[in-house]
Every structure is written in C-alpha cells, then in structure tokens.
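Q: Take a look at this one; I'll ask things after.
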Amino acid sequence: MELPNPVLTAAGCGGTGRELAHFYDLRRLGAFVTRSITVTPRAGRPTPRMAETPSGLLTGVGLQGPGVDAFLERELPWLAQRGVRTIVSIGGSTVSEYTTLARRLADEHAIMAVEVNLSCPNAEDRGRVFGRDGSAAAEVVSAVRAVTRYDVPVIAKLPPDVTDIVAVARSCVDGGADALTLINTPLGMSIDVDAMRPALAAGVGGLSGPAVRPLAVRCVWQVHAALPGVPIVGVGGVATGRDALELILAGACAVGVGTAMFQDPYACLRVLRELEELLRERGFDRVADAVGLAHRPAGPGLRETDDLEESSL
Amino acid sequence: MELPNPVLTAAGCGGTGRELAHFYDLRRLGAFVTRSITVTPRAGRPTPRMAETPSGLLTGVGLQGPGVDAFLERELPWLAQRGVRTIVSIGGSTVSEYTTLARRLADEHAIMAVEVNLSCPNAEDRGRVFGRDGSAAAEVVSAVRAVTRYDVPVIAKLPPDVTDIVAVARSCVDGGADALTLINTPLGMSIDVDAMRPALAAGVGGLSGPAVRPLAVRCVWQVHAALPGVPIVGVGGVATGRDALELILAGACAVGVGTAMFQDPYACLRVLRELEELLRERGFDRVADAVGLAHRPAGPGLRETDDLEESSL
Amino acid sequence: MAASPVQVTGTVLTTRQVDAYHALTVVAPGIADRFRPGHFVTVAVGGPGSSMITRRALSIHDVTPDYGGTVELVFSVRGPGTAWLAGLRARDTLDLVGPLGRPFPLPRDPCTCVLVGWEYGSAPLFALGDVLQRRGCRIDFMLGAKTADRVFGALRARRMAETTTLVTEDGSLGLRGTVIDVLPGVIADTRADVVYASGPMPVLRGATAVAVEFGIPIQVAVEESMACGIGICMTCVVPVIGEDGVTRMVRACTEGPVFRGERVRFGDVGTIPFDALGAPGGRHA
Amino acid sequence: MAASPVQVTGTVLTTRQVDAYHALTVVAPGIADRFRPGHFVTVAVGGPGSSMITRRALSIHDVTPDYGGTVELVFSVRGPGTAWLAGLRARDTLDLVGPLGRPFPLPRDPCTCVLVGWEYGSAPLFALGDVLQRRGCRIDFMLGAKTADRVFGALRARRMAETTTLVTEDGSLGLRGTVIDVLPGVIADTRADVVYASGPMPVLRGATAVAVEFGIPIQVAVEESMACGIGICMTCVVPVIGEDGVTRMVRACTEGPVFRGERVRFGDVGTIPFDALGAPGGRHA
Ligand SMILES: Cc1cc2nc3c(=O)[nH]c(=O)nc-3n(C[C@H](O)[C@H](O)[C@H](O)COP(=O)(O)OP(=O)(O)OC[C@H]3O[C@@H](n4cnc5c(N)ncnc54)[C@H](O)[C@@H]3O)c2cc1C
Ligand SMILES: Cc1cc2nc3c(=O)[nH]c(=O)nc-3n(C[C@H](O)[C@H](O)[C@H](O)COP(=O)(O)OP(=O)(O)OC[C@H]3O[C@@H](n4cnc5c(N)ncnc54)[C@H](O)[C@@H]3O)c2cc1C
Ligand SMILES: Cc1cc2nc3c(=O)[nH]c(=O)nc-3n(C[C@H](O)[C@H](O)[C@H](O)COP(=O)(O)O)c2cc1C
Ligand SMILES: Cc1cc2nc3c(=O)[nH]c(=O)nc-3n(C[C@H](O)[C@H](O)[C@H](O)COP(=O)(O)O)c2cc1C
Ligand code: FES
Ligand code: FES
C-alpha cells in the first residue's frame, strides 16, 4: 500500500468525508479511513454519548451508521468519485458478519485497504471483545483475509487494554493481517457527580485524545520491537506533528488522527505540515527513515534501555 | 479496618512520611500508605525517571527503597511514634519474597493493613507482572494472607492493563484478599522527539495523574459491580474532591491520592475537605452512604445503563 | 450545512455582563459574513496547553459589520469551559469555528411569528426577529426563565416586538409558570401563524405540544452535548422523524440544531426509540 | 531540608527581559523570609485546567524585603512550562512552593571563593556572593555560556567581585573555551580556597575535576528533572558517595541540589553504578 503521505483520519472520527470536505480537499490526506461499517444500519447508543476528561474524551457512540448497503450506495461512491484514497473500516458482532462485510467490499475497486475493527463485542462469546482474545481476533482476521482481494491489505486494529498486546498482535499477523493499527480506545468511565450517574448513557465508553497517547506509544513500541517487519498505523492522541513523530519513532509507519479533528477540523493537514517540518529539521528525506528509530541501540554516552523488564514501576 | 476519613496517600507517592510532615500532621490522613517495601535495598532505575504527558505523568522509579530492614529500623518507627495510621505496601519479585516481607511485618503492631503491590515482575515467570495473571496474583495474596496477623487486612493492588480486571480481582479475593486497591499505573511510554529516544531511561513507565482517572473509575465500577461486598480503595488521578467522589460513587470506600501530591503537597487534605463539602451538599452523613451509588437502577426518566455490553465503541 | 464553516482566530472586542449572562463580542469576519439566525459557533477553551480538548458550542446572538464583521455570544457559566470564557478580556484572542448548523427557516410570506426563548436560549431569537420584521412579519416575544435575573433580552424584545410576554417559574418577573401555561394565551392573542422556540428540551417539548394543539408549525433549536459541532463525531444525536415517517438518530450539529418541532421525538430524547432505524432488535433499511 | 517549605500564591510584581533570560519578581513573603542562597522554588504552570501537571523547579536568584518579601526568578524558555511563565504579566498570580533544597554551605572563616556559573545556572550565585562578602570573603566570578547573550549577570558580577572572568564556547564574549580550559587560571590567579559552581552536569563535572586537581573543596548545585521538588517522588536522584564511602541514589531536591562536588559521581549520572547501594546484582545493606 503506497500512500503519498503518512497522515490518515482515524476510523469513526472523520464522518462520511462530506463534512470534512467543507474544510479541505480530502485528497490531501494520506488516506481517509471510514467509520466502522456494519452489516445492518445501527442507531448506536442513547445520549449522552460524550464526556470530557482531563486531556481526553470519553465517547460511547455505539458504531452508529447506515449499514453496508447504504454505505456502498451513498458514501463510498462519493469518496471514490473525488479520488479520495479510502480505507474501509468494518465492525461485526460475529465472525460471519465480518466475512459478509469483507465479501461485500471485495468487488469495490476504490478501496485501498480494509481495516478490521476488533474492538467489537463478540455476540457468540458473551460479548467478549474480539481484540481482547488472540484466537478470536485471528479468526476474524483470517476470515476477512480469505475473502479480500489479494492486492488489498487487511489491517487489524486493536485496543490497548489487554494483558499482552504483543500476543494479540502476533495472533493477528499469524491469522493473515498485513498490517496493524494501534490503538483503539481503552475502556474508561466518568461519573457525573451532580447526577450521581455515569456521565455516558452507555456507562462505560472509549477513552481517546492526548491522555491516551502514552498508551499508544507503548503499544506501538512493544509490537514494533516484537514484530519489526509488520507495518503499524499509530493512532491515539495525535494532535501535533511532534505527537505523530513520537509514534513514528516508536515504530509506526503512518499515523491516524481522531479526536484532534473535533477540536481542529484541519488537524490532519496541520499534523502533516508540522511532521514534515520536524523530519526536515532532523535531516530525514523520507518518513521511512524515521520509523522505529527510537529502538536503535544506545550509542556511547546514551543510556541502555533494552535490558530492563517492562513493569510500570 | 476503621479509618477516620477516606483519604489515603497512594503507595510510593508520599515518600517516607517525613517529607510531607513538613507541611501537615500526617495523623490527619485516613492512612499513610508507604512506598512498596522490598526485601533488599533497591537503587531503582537510572534517570531520567520522569516525563510529563498531557494531564499525566510517566515515571519509572523502579521501587527505589532502603529494603525491609532499614524500613523497620528507621521509617516505620518514625511513623508509629507519631501515631500515623500506616498501611505498608510490599513488592517482591518472587512469591517467597512477598512471604518474607509479610513475615517481617507480622510482628509489627503499628500496621493498619498490608497492601500487596502486584505490579511487580515475576522473576520466575520471565518478568511477567504478577497482577496480569490471576493465578500468580492469587498465589502471592494467599501466601501473604497466610503469614499476616488475622486482624490485619491484606489489600491486593492491581494494574488496569489486563484483559479482564474482574477476573484478576476475583482471583485475589478467592486467594484471601480482604480488600482491593484499584488502580496501579498502566504501562505507558513517551519518546523525546529531539533526542529521538525514549524519554525515560527505563523505556516504558507507569502512567499516573488525571489522564488515567477514567481507567480507574471504570475498573472500580466493574469490580464493584461484580464483587459488591469487597472494599475497594480507588486510586488514579484524584486531584480534587469531585474526583474522589467519582471513585466513591463508582464503588470505592476510600481513595488514594498520588501524583496530585507532587503538584500540591496539601492535596490529601484539600481533597478531603472538598469531598466532605460535596457529601454534605448532597445530604450524605457518611461516606458509606455514597459508596457505589452510581450503580443504583435508573429511576423513572433516568437512563438504563446496565443492560449494555461493555465495549468501548 | 447551509454555509461552509471557517476557522477564525478572533479578537475579543468587548466583554459585558447582561443580567445573569456574559456577552462577548468577537471580531470574526468570515463567520459574521455567512451568518443566518440560528447558526452557532464552537469555541476552543482553556488556552494553549489546556486539558479541555473539546470545543464549546454557543449560539450566535448577533453580528455586526464592524471591523470587517463581529459576532456576539451570550452565555452563562456552567463549568470550567464557560468559566474560562467569562475570564476573557478585550484584545484576547478566541478560536472560533462557524457558522455551524441549520439556521431557522423563514416563512415565504409575511405572517405573525411568536418567538419563544428560555434563559440563554433566547439569544439567537433577536437576529431572527430582525430578519422576520424585514420580511414584513409581525413578531411577538415570549421569554422565560427560572428566575427574573435569568430572563435574557427583555428590553430588546420590548423594543422590537408587538407584544412581549415574560414568564418565570418563581413568578419573580412577569407571569408565574411554564411555557405550557403561558404560550397558549400568547398564540391565541396574537393569532400566530408560526412559532420559533429555543431553549432546553422540556421547553421545546412543551412549546411543540402547544403549537401542535393550535395546528401551527413550530421550528425549534435544540441543545445536545457536542464534541465536534461539524458532523463527524456522532455524539449529538436526537431522534427525529424523517419525511418518510422513519425515525433516525440525526446530528443536532449539522442536520439541526433547528428542526420542525413535531418531528423531534422529545419524549424519547436520551433513548434509542425501539422503532428507530437501526435500533437494537429494530427494523433495518 | 534546611527550612520548612510553604506553599504561597504569589503576585507577580515585575517581569523583565535580561539578555536571553526572563526575570520575574514575585511577592512571596513566606519564601523570601526563609531564603538562603542555593534554595529553589517550584512553580505551578499553565493556570487552572492546564494539562501540565508537574511543577517547574527554578533557583531563587534573589530576595528583597519589599512588600513583605519578594523572590526573583531567572529562566530561559525551554518548553511549554517556561513559555507560559514568560507570558506572565505584572499582577498575575503564581503558585510557588519553597524554599526547597539544601542551600550552599558557607565557610566558617573568611576566605577566597570562586563562583562558577554557566548560563542561567549563574542565577543563585549572586545572593551567595553577597552573603560571602558579608562574611568577609573575597569573591571572584567566572561566568560562561554557549554564546554571549546567554552569559547571565556579567554586569552585577563585575560590580561585586574582585575579578570577573567571562567565557563563551564560541568566543563571542570573554575567553573562548570551556570551564576546564579557563578555571585553572582563575583559581591560580586568585589563590582560591573554595569553589562554588552551578550549571549543567558537564560544567559541574569539569569544575569538580579542576578543584580536585588544585586540592580545594567545591560545592556544586546540580540539576535533575524533578516531578515534586519536595522529596516524595524519587525521580531526581543522582549517584552520590556518602561519608561511609557507599554510593547511594540520593534525591537532588532534598539532599541536594547542592553537594560537595567530589562526592557526585558525574560520570555515572544517568546510570545506576554497579556498586551503588541496592544496584541490580550489587551489594546490599
Ligand atoms: C447548539 C448549541 C448552542 C448553545 N448555545 C449556548 C449559548 O448561546 N449560551 C450558553 O450559555 N450555552 C450554550 N450552549 C451550551 C454550552 O455549549 C454549554 O454550556 C457549554 O459547553 C458547557 O461547557 P463547560 O465547560 O462550561 O461545562 P461542562 O458541563 O463542564 O462541559 C463539559 C463538556 O460537556 C459539554 N457540554 C456540557 N453541556 C453541554 C450542552 N448543554 N451542550 C453542549 N455541550 C455541552 C461541553 O461542550 C464539554 O465538552 C449551547 C449548546 C449547543 C449544543
Ligand atoms: C533545582 C533546579 C533549579 C533550576 N533552576 C532553573 C533556573 O533558575 N532557571 C531556569 O531557566 N531553569 C532552571 N531549572 C530548569 C527548569 O526546571 C526547566 O527548564 C523547566 O522545568 C522546563 O520546563 P518546560 O515545561 O519549559 O520544558 P519541558 O522540557 O517541556 O519540561 C517538561 C517536564 O520536564 C521537566 N524538566 C525538563 N527539564 C528539566 C530540568 N532540567 N530540570 C528539572 N525539570 C526538568 C519539567 O519540570 C517538566 O515536568 C532548574 C531545575 C532544577 C531541578
Ligand atoms: C467518536 C469516536 C468514534 C470512533 N469510531 C470508531 C470506529 O468506528 N471504528 C474504529 O475502529 N475506531 C473508532 N474510534 C477510535 C479511533 O479511531 C481512534 O482509534 C481512537 O479515538 C484514538 O485516537 P485519537 O486519540 O486520535 O482519537 C472512534 C473514536 C471516537 C472518539
Ligand atoms: C512516582 C511514583 C511512584 C509509585 N510507587 C508505587 C509503589 O511503590 N507501590 C505501588 O503500589 N504503587 C506505586 N505508584 C502508583 C501509585 O500508588 C498510584 O497507584 C498511581 O500513581 C495512580 O494514582 P495517581 O494518579 O493518584 O498518582 C507510584 C506512582 C508514582 C507516580
Ligand atoms: S457534535 Fe459531532 S456530530 Fe454533532
Ligand atoms: S523531585 Fe521528587 S523526590 Fe526529588
């Protein structure tokens, strides 16, 4: 998958594309990643669907969307006609839903890649989230890989709140994932102390924004260290070019911008501009030269970091 | 365990006690929780040990401390003489180290409770963190419980970055934990984009401060829902009385204040004052009346929250 | 969206206290130009390095052509974001995105319009009144609030409107009561052809019930929590019945905030009605 | 800690630009009272609702008895925290904790002292010089920096000291070179009895090597990243050799920032020396 630049929208944070197109030409993005498309239309969760937390945003939207038919009829053609490089995210509640979705997308020539959102609850395993279970995740990925055109990469997107992100990532790669997106939102919660109720109607929600960036950097770092050959899209709290560079130095070869677009509709373009400037300042000709660079062995006078156990204390 | 008030220091964030005593009388705390005591002295990690992140702090101190002998000789007596209610946190790298520590504490009469820090890597399981594995956690807890005086509660402290916090919590309770402390720091990372190196010498570190509060609230909520009879000390990002109340409404019966003390040495007293005021405003006579209150079934006109799956989307 | 929104770093021209409210006038040419009554803006709060990462939505109260174009915002302090706004001083800068949302639709022909506003919800109704009057409409105001100091714009309403009816819940100003108590009399007295309402959901619900009772159209400007204001986050949805009779969860920020009152399922706000498109276990396309 | 620190909400009295540095004078009585040269303060940055949750450590440059007591801080903009400080204006408030740390120990008897400062590290040396002079000591300054505009306090040094030697890495002011190049000459010329040094680790390391060479004592004020400044977070440690010959990781904020130079293992800063107390695989108590 060749992208003209490494800045993407994060799934579910760029609407249908039409909304952002009021602000700029979407062809300037590395790629536009859709919200996670589902088999049938979904009304999502009740409101309130959002609560602000310190440097973070908690949301429980519940994958509201029109379903794959309406998506293929009204949303994808709009993007395709405008020449927007599009990665389609899919979400299901059973392996067969994911397969159905991937099959429906297989005939579409306008798709750069399929991103498999594994933060969905598995209806066949008491609502356990696919991406929290290596084998369930691998099953979904290999089912999707099997029905997706050979030249369309399948990207597995994982949540960070698992005991061992490397193990889940490895399962996905073994299951046929061509690349990984790290991270989806960890589960969080906020309580309205006046109403004395959860702030979101859904109770728990996904935490996003700068608050989670250290978790994203850590996941990208760990997975890149373990699976250096696997391309990673780094997502989580990117709001500036420095943030993007942090993920790239940790091992991401592209970055997704989500919550920052809610604050700044031009966030993707600004992040790209700032990133290019930072790369230039550091003498890099291409993004690829910076990918994973923070892993290089410490030189003389530099501190050794690799021999330490990874506990948080 | 009866505490005159529900505000504690978080383990490892209040030094030896002597430092905070420059600011106020430590008897005003619900309890003082020590740093995690280890069998032998530990020099900890190299510097840099800290990096600021958005609304968060990333640290990798590495449990620097004097070892249990020096602790019992110089630190505990100082606290005991001043009548400071003290909870001793312990950390080990094998089950037998935890047992040794608990045994050494068993003769001390000045201890209110033992908190078992389960965020330590298990030297006998390739450095896997005890608290990320229900059975390893339970083994530590039951070993500690077995050698601790019957009237001294054993509190298991868990990190949030596990696939299923409820399962680990349940294992600890089954192993004999009298209470739980939620949460220790999730693993995070920050990269210095100028040096193009990890910002911490240790590479990864523990993320604390307001940024992680939504994770703490979620963990407390989930565990209280599953194990309503188990007392929980809520820790993570508490900086105000409102934050403390959030954790209490989610199910905590006491709260620990950590990182906020770095910003405001008086944080514990201020949180307590603000919390008492908020409880009064809401007509609560006792903290106990507010514990877990956000779980009550939604009344007429209130939104139902309990029937939804807990995914982050 | 009626007009393409722009992002503008505005300069605060003046700050004033108006009864219980703060009013900010901000130089923001691109936004003032495109303004139509009912539009709102979102503002970044907290300054650089703030832990508040979402914008706050505020109705545009008014615009002027001064300094290339100013917008006036009226707000009350609710939490940390509005508290920060209240601390702004002249010459400070404010980052705005706007104009956003679907403005109030205007009647084709001159007619009699009742404008119902509750607390700061009244803010967008005065620019609307101006436009309606320029089109030859008669306007009558009904302004309400919990208490007297929270009734917004009574003076200006009195200057503009044929009649102005004030109502407070505690009776501290005007009539004592709610919209439902008072609006029927206003509609009857003025022989209104249409109602415009802006305020919290219960007020809009009440006003809609009254308008439906009288068989006249009503346009309401709703308020839902918004994380983006530009249609990309899906946090601001309200159950609205479409032309085809199907209920959908539609975005208040882009499809609204102004809706035809009888199309909004006020009783189901904060739920997913079982018969909404895509409701769990409900009907599919 | 020499004195019990206090938390003070200070008011900014004046702000000035001094060469490449910002200087803030803040009314903070409790802190000024207790000040001794070498003390530092920590300041909260970013204002309410900031995403910056750690305090920034700054040396106290000077104190005055005005308005009950003021402290003066001198700093350069490094990142967002110091950028915010640079934006403060007179009458703004600043939250300080101090005085913190172990101040410079003073010689019992009058003697000749060389004060070595590098860039903003020079800031705490002037108050020290005053006290030393009051005790009858002779003082000589050596001030250095990368470039001329970053040499801090040359004028005041010239007014106070017997001799003042300036040094820059690029030769744009005074001698061209480093501390190691220039300090030996200063010590020899002044027949110094003791050295005080403040600046980044490499400068302190160099100054210590020179002082040891001359067989005279040196007191250094170190700088390590600090999350709390009051001794409770353990982030600021430096390997220091104790009286008993054992190396320990000691807190720069409470056991320091001033240490006897030859006790600091500069070459091992940023590591845990294998022979430190509690080092992995190392010796135990
Ligand atoms: C279209 C629209 C127009 C509005 N016009 C005005 C106006 O003219 N004057 C006025 O005073 N207020 C108006 N509001 C409400 C205003 O947006 C909230 O009062 C404000 O966002 C609260 O921010 P806070 O930080 O002070 O409070 P907090 O309650 O602490 O806000 C926390 C978070 O919740 C969101 N939020 C909370 N309540 C609301 C709400 N009711 N609507 C949207 N977001 C909310 C905030 O944006 C923020 O992200 C309008 C809201 C909408 C949706
Ligand atoms: C005892 C002591 C005295 C100091 N005195 C002065 C002084 O008089 N003038 C002056 O200009 N600077 C001084 N410094 C350095 C000053 O603290 C840092 O420049 C400042 O914290 C940087 O904050 P920032 O947000 O601008 O930069 P950032 O680099 O973005 O800071 C991010 C985080 O790292 C910490 N940090 C980064 N560098 C340092 C550092 N060198 N020391 C401590 N914390 C650091 C910050 O406190 C903050 O938590 C002193 C430091 C110490 C420890
Ligand atoms: C409102 C909202 C909706 C989202 N919807 C999706 C989605 O449909 N599919 C998906 O894979 N991730 C979704 N995400 C997760 C984001 O793509 C991203 O992984 C996460 O928000 C972290 O990045 P950020 O901090 O830049 O937002 C959503 C996030 C938000 C805040
Ligand atoms: C510098 C530092 C040291 C810590 N040391 C310990 C420790 O020794 N034992 C422990 O159980 N937790 C330790 N913690 C975790 C805290 O007790 C607490 O669980 C965590 O920081 C979240 O709370 P906070 O956001 O209030 O800081 C430490 C945290 C920090 C920041
Ligand atoms: S506020 Fe984001 S879609 Fe409406
Ligand atoms: S800065 Fe916290 S112990 Fe020194």
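The values are calculated or read from the model by the stated rules, or taken from the named source; none is laboratory data. Computed from a predicted model, the values in this text were never measured in an experiment. Glycine gets a Cβ as well: all are built from the backbone with ideal geometry, and neighbour counts include every protein chain shown. Surface accessibility is based on the protein's heavy atoms, side chains included, excluding ligands, DNA and RNA. Shrake-Rupley method; radii C 1.70, N 1.55, O 1.52, S 1.80 Å.
Q: For chain A, return all DSSP H helices satisfying: extent of Cα atoms along own axis at least 18 Å; mean Kyte-Doolittle hydropathy at least -1.0.
A: Helices meeting the span and hydropathy rule in chain A are A:134-147, A:213-226, A:267-281.
Q: Then there is this: Kindly provide the pair-distance distribution of the protein assembly as shown built from C-alpha pairs, with 20 Å bins from 0 and whole-percent values in order of increasing distance.
A: It works out to 11, 38, 35, 14, 2, 0, in whole percents.
Q: Using label points projected 7 Å from each Cα along Cα→Cβ, tell me how many nm separate D:Phe274 and C:Asp19, to one decimal.
A: Result for the modelled spin labels: 7.9 nm.
Q: May I ask you to give the solvent-accessible area per residue for the protein assembly as shown, in square angstrom, as obtained with a 1.4 angstrom probe?
A: Numbers: 42800 Å² over 1196 residues.
I get 36 Å² per residue for this part.
Q: Of the accessible area of region D:109-170, with the probe set at 1.4 angstrom, what percent is carbon plus sulfur?
A: The value for region D:109-170 is 45 percent carbon and sulfur by accessible area.
Q: Turning to a different aspect of this structure: Could you work out the mean count of beta carbons from other protein chains within 10 Å of each residue's beta carbon in B:9-15?
A: Taking all residues of B:9-15 together, the mean is 3.
Q: Another one. For region C:227-285, give the percent of accessible area contributed by carbon and sulfur heavy atoms, probe 1.4 Å, rounded to a whole number.
A: On region C:227-285, the fraction of accessible area on carbon and sulfur atoms equals 52 percent.
Q: Any chance you could check the Cα centroid distance between region A:1-41 and region C:215-265 for me, in angstrom?
A: Cα centroid of region A:1-41 versus Cα centroid of region C:215-265: 24 Å apart.
Q: Using the Cα centre of region C:104-223 as the reference point, and only Cβ charges (+1 on K/R, -1 on D/E), how large is the resulting charge dipole? Debye, rounded to the nearest 20.
A: That gives a dipole near 320 debye.
Q: Here is a further query. Which of the trypsin sites (Lys or Arg not before Pro) across region C:1-88 are loop residues per DSSP, with 16 or fewer other Cβ within 10 Å?
A: Numbers: sites: C:Arg16, C:Arg34, C:Arg55, C:Arg56, C:Arg78; in loops: C:Arg55, C:Arg78.
Qualifying residues, ordered by number: C:Arg78.
Q: With a Cα-only, solvent-free Debye model of chain A, what are the log10 I(q)/I(0) values at q = 0.08, 0.13 Å⁻¹?
A: -0.33, -0.91
Q: Sticking with this structure for a sec: As a test question: what accessible area, to the nearest 10 Å², does B:Ser135 have when a 1.4 Å probe is rolled over all protein chains in place?
A: Roughly 80 Å² of B:Ser135 is accessible to a 1.4 Å probe.
Q: Another question about this same structure. Would you mind working out the magnitude of the charge dipole of the protein assembly as shown relative to its Cα centre, with +1 at each Lys and Arg C-beta and -1 at each Asp and Glu C-beta, to the nearest 20 Debye?
A: 1380 debye
Q: Please name the residues of region A:50-86 whose accessible area, counted over protein heavy atoms with a 1.4 angstrom probe, falls by no less than 50 Å² between the chain alone and the full protein assembly.
A: A:Met50, A:Glu52, A:Pro54, A:Ser55, A:Gln64
Q: Just need the relative contact order of chain C here, percent rounded to a whole number, with Cα pairs under 8 Å and 6+ apart. Please report the intermediate quantities before stating the final value.
A: Values: 680 pairs, mean separation 44.9, N = 285.
Normalised by residue count, the contact order of chain C is 16 percent.
Q: Tell me which residues come under 5 Å, amide H to amide H, from A:Arg197 once H is placed; ignore anything under 5 positions away on its chain.
A: Distant-sequence amide H within range of A:Arg197: A:Asp192.
Q: Can you give the local net charge around C:Thr165? Use residues other than it whose beta-carbon is closer than 14 angstrom to its beta-carbon, Lys and Arg +1, Asp and Glu -1.
A: Working: positive: C:Arg158, C:Arg176; negative: C:Asp140, C:Glu162, C:Asp181, C:Asp189.
Here the count lands on -2.
Q: Looking at chain D from every direction and averaging, what is the projected area of its Cα convex hull in nm²?
A: 15.2 nm²
Q: Pop out the ³J(HN,Hα) list for region A:44-58 in order, Karplus 6.51 cos²θ - 1.76 cosθ + 1.60 with θ = phi - 60°, rounded to Hz; leave Gly and Pro as x.
A: Running phi through 6.51 cos²θ - 1.76 cosθ + 1.60 with θ = phi - 60° gives x, 9, x, 8, x, 9, 9, 8, 7, 10, x, 6, x, 9, 10 Hz.
Q: Calculate, for A:Ala146 and B:Ala167, the FRET efficiency according to 1/(1 + (r/R0)^6) with r their C-beta to C-beta distance and R0 51 Å; round to the nearest 0.05.
A: According to the calculation, E is roughly 0.95.
Q: Then there is this: Mind checking the mean number of beta-carbon atoms from other chains within 10 Å of the Cβ atoms in B:179-192?
A: 5
Q: May I pose another question? To the nearest 20 debye, what is the magnitude of the charge dipole of region D:6-100 about its Cα centre, counting +1 on the Cβ of each Lys and Arg and -1 on the Cβ of each Asp and Glu?
A: Charge dipole, region D:6-100, about its Cα centre: 200 debye, nearest 20.
Q: Solvent-accessible area of D:Thr271, probe 1.4 Å, all protein chains present, reported in Å² to the nearest ten, please.
A: Rounded to the nearest 10, the figure is 50 Å².
Q: Could you please state, rounded to a whole Å, how far the C-alpha centre of region A:110-154 is from the C-alpha centre of region B:141-203?
A: Centre-to-centre distance over Cα atoms comes out at 31 Å.
Q: Can you give the longest stretch of chain D with no exposed loop site, where a site means GluC sites (Glu not before Pro) in a DSSP loop (not H, G, I, E or B) with at most 16 other C-beta atoms within 10 Å?
A: For GluC sites (Glu not before Pro) (loop position, at most 16 other Cβ atoms within 10 Å), the longest site-free span of chain D is D:1-161.
Q: Here's something else I'd like to know. Just tell me how shielded C:273-280 is by partners: mean number of partner chain Cβ atoms within 10 Å of each residue's Cβ, no decimals.
A: Taking the mean over all residues of the peptide, I get 5.
Q: Longest span of chain A, sites excluded, free of trypsin sites (Lys or Arg not before Pro) in DSSP loop with at most 11 other C-beta atoms within 10 Å? It would help to have the intermediate numbers written out before the result.
A: Working: sites that count: A:Arg126, A:Arg286.
Longest gap between qualifying sites, sites excluded: A:127-285.
Q: What is the Rg over Rh value, at two decimals, for region C:227-285, using alpha-carbon atoms and the Kirkwood definition of Rh? Walk me through the numbers on the way to the answer.
A: On the way: Rg = 11.1 Å, Rh = 11.7 Å.
Radius of gyration relative to Kirkwood radius: 0.95.
Q: List the distances, in nm and shortest first, from the label point of C:Ala148 to the matching label points in every other copy, placing each point 7 Å from Cα along the Cα-to-Cβ direction.
A: 7.0
Q: Now for a different question. Have a look at region C:48-87 and report residues whose accessible surface goes down by 20 Å² or more when the remaining protein chains are included, against the chain on its own, probe 1.4 Å, ligands and DNA/RNA excluded.
A: C:Gly49, C:Ser51, C:Met52, C:Ile53, C:Thr54, C:Arg55
Q: Right, here's the next one. Give me the summed buried accessible area for the A-C pair, 1.4 Å probe, to the nearest 100 Å². It would help to have the intermediate numbers written out before the result.
A: Values: alone 14850 and 12900 Å², together 24820 Å².
Buried: approximately 2900 Å² between C and A.
Q: Note the distances from B:Asp174 to each other copy's matching label point, with points 7 Å along the Cα-to-beta-carbon direction, in nm, sorted shortest first.
A: Ordered by distance, the counterparts are at 2.5 nm.
Q: Then there is this: Can you show me the helix-derived [θ] at 222 nm for the protein assembly as shown, built from DSSP H runs with n ≥ 4 at -39,500 (n - 2.57) apiece and divided by the number of residues, rounded to the nearest 500.
A: One gets -7000 deg cm²/dmol as the mean residue ellipticity at 222 nm.
Q: From the label point of D:Glu162, set 7 Å along Cα to the beta carbon, how far off in nm is each other copy's matching point, shortest first?
A: Computed spacing set for this position: 9.7 nm.
Q: Dipole of the protein assembly as shown (Lys/Arg Cβ +1, Asp/Glu Cβ -1, origin at the Cα centre): which of A:Val61, A:Pro297, C:Phe75 lies farthest to the positive side?
A: C:Phe75
Q: How many times 2.2 N^0.38 Å is the alpha carbon radius of gyration of region C:19-59?
A: 1.37
Q: Next up: Note the direction-averaged projected area, equal to a quarter of the hull surface, for the Cα convex hull of region C:1-126, in nm².
A: Mean orientational projected area (region C:1-126, Cα hull): 8.3 nm².
Q: Tell me which C residue has its C-beta closest to the axis rotating C onto D, and the distance in Å?
A: C:Ser51, 2
Q: Could you pull out the GluC sites (Glu not before Pro) across region B:222-306 that fall in loop regions by DSSP (anything but H, G, I, E, B) with no more than 12 other Cβ atoms inside 10 Å?
A: Those satisfying the criteria are B:Glu304.
Q: Tell me the carbon and sulfur percent of the accessible area for chain A, rounded to whole percent, probe radius 1.4 Å.
A: 49 percent
Q: Once you place label points 7 Å from the Cα toward the Cβ at C:Val77 and D:Asp181, how far apart are they in nm?
A: Output for this residue pair reads 5.8 nm.
Q: For region B:239-295 and region B:77-97, write down the distance between their C-alpha centroids in whole Å.
A: Between the Cα centres of region B:239-295 and region B:77-97 lies a distance of 24 Å.
Q: Which value does Rg/Rh take for region D:104-223 over its C-alpha atoms, Rh per Kirkwood?
A: So for region D:104-223, dividing Rg by the Kirkwood Rh gives 0.92.
Q: Quick query: amide H of D:Thr11 versus all other amide H atoms, modeled in the peptide plane; which residues come in under 5 Å with a sequence gap of 5 or more or a different chain?
A: For D:Thr11, the qualifying residues are D:Val27, D:Leu94.
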